[in-house]
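Chemist: Here's a structure for you.
The values are calculated or read from the model by the stated rules, or taken from the named source; none is laboratory data. None of these values were measured; they are calculated from a predicted model. No Cβ is skipped: glycine too gets one built from the backbone with ideal geometry, and neighbour counts run over all protein chains shown. Surface accessibility is based on the protein's heavy atoms, side chains included, excluding ligands, DNA and RNA. Shrake-Rupley method; radii C 1.70, N 1.55, O 1.52, S 1.80 Å.
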Amino acid sequence: MNLKTRKCHKLKGDLTIPGDKSISHRAIIFASLAKGYSNLIGLLESEDCLKTLNAFRLMGVPIERNSKGNYTIKGVGLKGLKEADRVIDCGNSGTSMRLLTGLLAAQDFYTVLSGDTSLRKRPMDRIIKPLREMKAKIWARRDNYAPLSIKGSQLSAINYTLPVASAQVKSALLLAGLYADGKTILREPGLSRDHTERMLQGFGVNLKKSGLSIELDLQKDRLEGQEIVIPADISSAAFFITAALIIDDSELLLRNVGINPSRSGFLKVVKDMGGDCQLINKRVVSGEPVADIIVKSSKLTGANISGDLIPTLIDELPIIAILASRAEGRTVIKDAAELRVKESDRITNMISILSNMGVNVQELTDGMIINGPVELKGGFEVDSSGDHRIAMTVAIAGLLIDEPILINNSDSIKTSFPEFIDLLNKCSIT
Ligand code: S3P
């Protein structure tokens, strides 16, 4: 599918963004491993999450969807999964592949995991190495790339310092740790999203957190079925927040957005840049902080984005680059080398897209420097490189531009946000 961008004069509306992708994956996983029924309300029905859902169906977990789009999962217990009789396809989803690998390394059966072209190029040694230290048996192409084959075995606990702040690595090790002999101790170099820790605690697991350390105590016999209400995804909301900030005369109300501090660095950057973004009705839902957000067009200034802030907004950096191109002065993004191993190399892709749009941008090995503000230009084609966030970033920038940009392979948007175009049409006034 190809998408042509369209200029819009303002954005107005009251929107509910779909469910959080990271929380949705975890809700499916822990509900499947629990005993009894769990109800998942507001689960994100994007391609990535449906890959995780299908994986558990293939492993014998009964999962039903009702007419309102809510899911009931009849958990099979920690030891109740069955061997899938085919390769489990994780599609584009790094979260599915990495979290499942940790879980499957401890099951009493054999599994093969594969994925699409983008996922088969992403590094898996970051989970393979520590899982092997736990005595996992995992094989990979060149010891790093999917397809992965996993022969489940009895694991021993690990005491491990993660080399990068990665929620996927942390979660894979915690899932393996649920089955390991002994106490799993993890330390992160910086705080990555902590949805796994919160949800494990919600399911009654003995997990303790202190600063950047986590301790998971021995295996637990039972996780209890839960109702989980999933908030709107802040990473998806970020596209609409950006659009409202950079397009004159706009105002949006976004309901029920997850504002977990380990995830919401984007809101901090918006504030630092002078963006008018107000959080109201703050509350905690299923262990996750949530708020409604009112965002209005704003005059922005450049910001410095680096260090511990990076893992809290890693997925928002492409759209932050668009904010920066409209802000007065310099924006420096550093310490973000992880961007090179996401669904695409997001540094290379954003440098090329911003340059085509006429932005004065400089590439760094671990980020970029953007000098704004610039009147963005269109009239070119981009390929999303199978990367949903690159496609959506260009679509948002295009709202400011008279001459359209043609986004090839925009189907990738369904990975995380199938309703993106419909919601954009709903609130844009052309
Ligand atoms: C995710 C963690 C992040 C993020 C990804 C989703 C998760 O990756 O980029 O989109 O759900 O755990 P890291 O593992 O690099 O933190």
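Chemist: Just the Kirkwood number for the chain, please: inverse of mean 1/r across all distinct Cα pairs, in Å, one decimal. Let's see the in-between values first.
Modeler: Numbers: mean 1/r = 0.0458 Å⁻¹.
Across the chain, the inverse of the average 1/r is 21.8 Å.
Chemist: Just to confirm, what accessible area per residue do you get for the chain at 1.4 Å probe, in whole Å²?
Modeler: Values: 16190 Å² over 430 residues.
That works out to 38 Å² per residue.
Chemist: If each residue of separation counts as 0.36 nm, what is the full-extension length gain between K377 and D217 once their alpha-carbon separation is subtracted? The partial results should precede the final answer.
Modeler: On the way: separation 160, 0.36 × 160 = 57.60 nm, distance 5.52 nm.
Extending this stretch completely gives an extra 52.1 nm.
Chemist: Per residue, what volume in Å³ does the Cα convex hull of region 168-214 take up? Walk me through the numbers on the way to the answer.
Modeler: Details: hull volume 3.4 nm³, N = 47.
Enclosed volume per residue, from the Cα hull, is 72 Å³.
Chemist: Multiplying the sequence separation of T16 and D276 by 0.36 nm and subtracting their Cα-Cα distance, what value in nm do you get? Don't skip to the end; give the middle numbers.
Modeler: Details: separation 260, 0.36 × 260 = 93.60 nm, distance 1.92 nm.
Extra length from T16 to D276 when fully extended: 91.7 nm.
Chemist: Let me ask another. Would you give the gap between the C-alpha center of region 1-51 and the C-alpha center of region 74-92, rounded to a whole Å?
Modeler: 21
Chemist: Mind checking which aspartates and glutamates have their Cα closer than 17 Å to the Cα of K79? Skip sequence neighbours fewer than 8 apart in that chain.
Modeler: Counting by Cα, and skipping residues close in sequence, K79 has these aspartates and glutamates nearby: D108, D181, D221, E224.
Chemist: Of K12/K334; K51/K183; K21/K135; K209/K271; K21/K282; K51/K151, which ones are farther than 25 Å apart at the Cα?
Modeler: Numbers: K12/K334 34 Å; K51/K183 31 Å; K21/K135 30 Å; K209/K271 28 Å; K21/K282 21 Å; K51/K151 21 Å.
Too far apart for the 25 Å limit: K12/K334; K51/K183; K21/K135; K209/K271.
Chemist: Also: Can you give the local net charge around E83? Use residues other than it whose beta-carbon is closer than 14 angstrom to its beta-carbon, Lys and Arg +1, Asp and Glu -1. Walk me through the numbers before you get to the answer.
Modeler: Details: positive: R57, K79, K82, R86, K151; negative: D85, D108.
Once all neighbours under 14 Å are counted, the net charge is +3.
Chemist: Follow-up question, since we're still on this one. Calculate, in nm to one decimal, what K151 and Q201 gain on full extension: separation in residues at 0.36 nm each, minus their alpha carbon distance. All intermediate terms of the calculation are to be shown ahead of the outcome.
Modeler: Values: separation 50, 0.36 × 50 = 18.00 nm, distance 2.82 nm.
Taking K151 through Q201 to full extension adds about 15.2 nm, to one decimal.
Chemist: Right, something else. The chain: longest stretch without exposed chymotrypsin sites (Phe, Trp or Tyr not before Pro) (DSSP loop, at most 16 other Cβ within 10 Å), sites themselves excluded?
Modeler: Working: sites that count: F109, F380.
That gives 110-379 as the longest site-free run.
Chemist: On each of the three principal axes of the Cα atoms of region 286-430, give max minus min coordinate, whole Å, ordered largest first.
Modeler: 45, 36, 32
Chemist: Using the alpha-carbon atoms, what tilt in degrees (0 to 90, nearest 10) does helix 346-356 show relative to the longest principal axis of the chain?
Modeler: 10
Chemist: Shifting gears a bit: Just from its helices, what would the mean residue ellipticity at 222 nm be for the chain, if runs of 4 or more DSSP H residues each count -39500 (n - 2.57) and the sum is divided by every residue, rounded to the nearest 500 deg cm²/dmol? Write out the running numbers ahead of the final one.
Modeler: Working: 12 runs with 124 residues, N = 430.
Here the helix-only value at 222 nm equals -8500 deg cm²/dmol.
Chemist: Also, quick follow-up: Debye sum, Cα scatterers, region 183-337, no solvent: what log₁₀ I/I(0) at q = 0.20 1/Å?
Modeler: Taken in order of the listed q values, log10 I(q)/I(0) reads -1.22.
Chemist: Using Stokes-Einstein with the Kirkwood hydrodynamic radius over Cα pairs, what translational diffusion coefficient do you get for region 21-229 at 10 °C and a viscosity of 1.306 mPa s, in µm²/s rounded to a whole number?
Modeler: Roughly 95 µm²/s, to the nearest whole number.
Chemist: Show which lysines lie in cross-link reach of K377 when reach means a straight Cα distance below 22 angstrom and same-chain residues fewer than eight apart are skipped.
Modeler: Within the straight-line cut-off, K377 pairs with K4, K7, K10, K299.
Chemist: How big is the charge dipole of the chain about its Cα centre, in debye rounded to the nearest 20, if each Lys and Arg gets +1 on its Cβ and each Asp and Glu gets -1 on its Cβ?
Modeler: Values: 55 positive and 50 negative charges, 186 e Å.
Its charge dipole is roughly 900 debye.
Chemist: In region 137-243, what trypsin sites (Lys or Arg not before Pro) fall in a loop by DSSP, with at most 13 other Cβ atoms inside 10 Å? Spell out each step's value before the answer.
Modeler: Details: sites: K137, R141, R142, K151, K170, K183, R187, R193, R198, K208, K209, K220, R222; in loops: R142, K183, R193, K220, R222.
When the trypsin sites (Lys or Arg not before Pro) of region 137-243 are filtered for loop state and at most 13 Cβ neighbours within 10 Å, R142 remain.
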